[in-house]
Amino acid sequence: MGEYFFKDSIFILGAGSSCPYEFPSGKDLKEAIINLVNNHPDNSWSPTQINDANFLKHLKNEGYGLSKVNELRDKLQISGATSIDLFLQDSHEIKPELVRLAKMIIYYFISQKEVARVLKHNDWIEPFVHYSMEHHRDEFLSKPPQVLSFNYDNLFKKKVEFILRTQYHVQDYKYLRIKHIYGRTLGLNFDREHEKVAKVENFDEIKEESEYISLIRKHNETAVNNFHKDINESKKIVILGYGFDRKNNALLFDRNSLEDHIKNKRLFSTGYGVSETIIEHMMSSVQDDSYLPIEKGDTCKMLIEKMIPNSFF
C-alpha cells in the first residue's frame, strides 16, 4: 500500500474543523453570548430556551446575575470584535469577573454540543480514520499524527475513539497525541443524550473546568518553543479550518518558517476563513506549479480526500 501518507504529520485544527459537526465558530460564540440574556429567568418574558434559562439560574446562584450577563453582552457588542476570542485578547481592559463569566458561558455552549448524536455525524474525520485503519492500521494505532488544536471542544479525540470502538472493535483506545493550545472541555457529555445535557446537570463541571480555558494570550516561551519544535520536526503540516490569525501564527511558526514549509512542499491547508491576500502571500512562496498549499474553496473533507492516495477510493 506504500508509505502511510500521514506518517510523522502534524494536524493544526481551527474552529472550521469542528463546524461541520455543528460546533460553533468564534463568531457563533459571540452571537450566542449576546443573545443568551434573552432567556434569562429574571426578564419579564418567558425564555424560549429552557436549558439556557437553567444555566443562567446556576450563574445567578454563583453571583453572576442578570446585570453581569448584560454587562458582558454590552461590552461585547460595542467592542467591534468579530469573535469572543478576539474580544478577550486584551484582558487588562476587561474586569476579571467578566472574563470568568465568559469562560463559563463558553464552556456551557461547547459542552451543550458535545452530545452522543454528534459522534454519528460524518465529515472529514471519517475518511482520515478509514484510510489510516484500512491500510496502515498498526502504524496509525502506535503513532497517529500529532494534533495542535485551537478548539475548546474535545471532538477530534472523541470522534476518532468512537470510530475505532464501533467500526474497528478497538476498545479502550485513547488518542493521546493532541494538545489544546487554549484549553479544552472534558467532553463528558459525549456519553449522554441531548435531553439530559439540556438540563445542565454538568454545572459543577462547567464551574470548575472552565478555569482551565485560557482565553487570554499569555506569553509562555516554553509552550511556544514546543509548538515550534513539533511543527518543525513534522514531515507534513495539515491545517484544517484555521484562519491564519497573526497572533496564532506566532504561536505556531518561527519567523520565516511558514514560507520555508511552503517552499519545501510540507504544508497543506483548507481555505476556511482565509483572505485572498493571505492566499496570494502563501502562493508567492511556491516554486512548483504542481503544488497548491491552499485553495480557497477547500473544505476539511475536500482537503483530506485530496491528500489520501487515489488507490484508497
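The values are calculated or read from the model by the stated rules, or taken from the named source; none is laboratory data. A quick note: this is a predicted structure, and the numbers were derived from the prediction, not measured. Glycine also receives a Cβ, built like all others from the backbone with ideal geometry; neighbour counts cover every protein chain displayed.
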Quiz item: So which of Ile84, Ile105 ends up being at pLDDT 90 or above and crowded, with 18+ Cβ neighbours inside 10 Å?
Solution: Ile105
Quiz prompt | Scope segment 265-313; condition without any contact (Cβ under 8 Å) to a residue 12 or more places away in the chain and touching a Cys at 6+ places or on another chain (Cβ under 9 Å); matching residues | solution = none
Quiz item: Is it the case that some residue within segment 139-151 is at pLDDT 95 or above, part of a loop (DSSP other than H, G, I, E, B) and under 18 Å from the mean Cα position of the chain (by Cα)?
Solution: yes
Quiz item: Any idea which of Ala53, Ala81, Ala15 is out of contact with any Asp or Glu (no Cβ under 6 Å at 6 or more places or on another chain) and more than 30 Å from Ile237 (Cβ to Cβ)?
Solution: Ala53
Quiz prompt | Near pairs, Cβ below 6 angstrom, 6+ apart or cross-chain, from segment 158-180 (not assigned by TED's automatic domain parsing to the domain that holds Val224 and among the hydrophobic types (A, V, I, L, M, F, W, C)) to any residue that is exposed (fewer than 14 other Cβ atoms within 10 Å of the Cβ) and modelled with pLDDT of 95 or more | solution = none
Practice problem: Return yes or no: is Lys218 modelled with pLDDT of 85 or more and either crowded, with 16+ Cβ neighbours inside 10 Å or of a type in the set (D, E, K, R) (or both)? | Solution: no
Exercise. Would you check which residues across segment 1-52 are surrounded by fewer than 19 Cβ atoms within 10 Å (Cβ to Cβ), closer than 18 Å to Leu66 by Cα and free of Cβ contacts under 8 Å to residues at least 24 places away in the same chain and list them?
Key: Glu31, Asn35, Asn38, Pro41, Asn43, Ser44, Trp45, Ser46, Pro47, Thr48, Gln49
Self-check item: Selected residue (criterion: farthest from Tyr182 (Cα to Cα)) from residues of segment 218-245 that are among the charged types (D, E, K, R) and assigned to a loop (DSSP other than H, G, I, E, B)
Solution: Lys235
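Every residue, every condition in (1) touching a Lys or Arg at 6+ places or on another chain (Cβ under 6 Å); (2) within 20 Å of Lys235 (Cβ to Cβ), yes or no:
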residue	(1), (2)
Ile278	no, no
His281	no, no
Ser285	yes, yes
Asp288	no, yes
Lys296	no, no
Met302	no, no
Exercise. Just give me the residues in segment 129-168 being out of contact with any strand residue (DSSP E or B) (no Cβ under 9 Å at 6 or more places or on another chain) and aromatic (Phe, Trp, Tyr), in sequence order.
Key: Tyr131, Phe140, Phe162, Tyr168
Quiz item: So, of the residues in segment 246-282 that are outside any helix (DSSP H, G or I) and of a type in the set (A, V, I, L, M), which turns out to be surrounded by the most Cβ atoms within 10 Å (Cβ to Cβ)?
Solution: Leu267
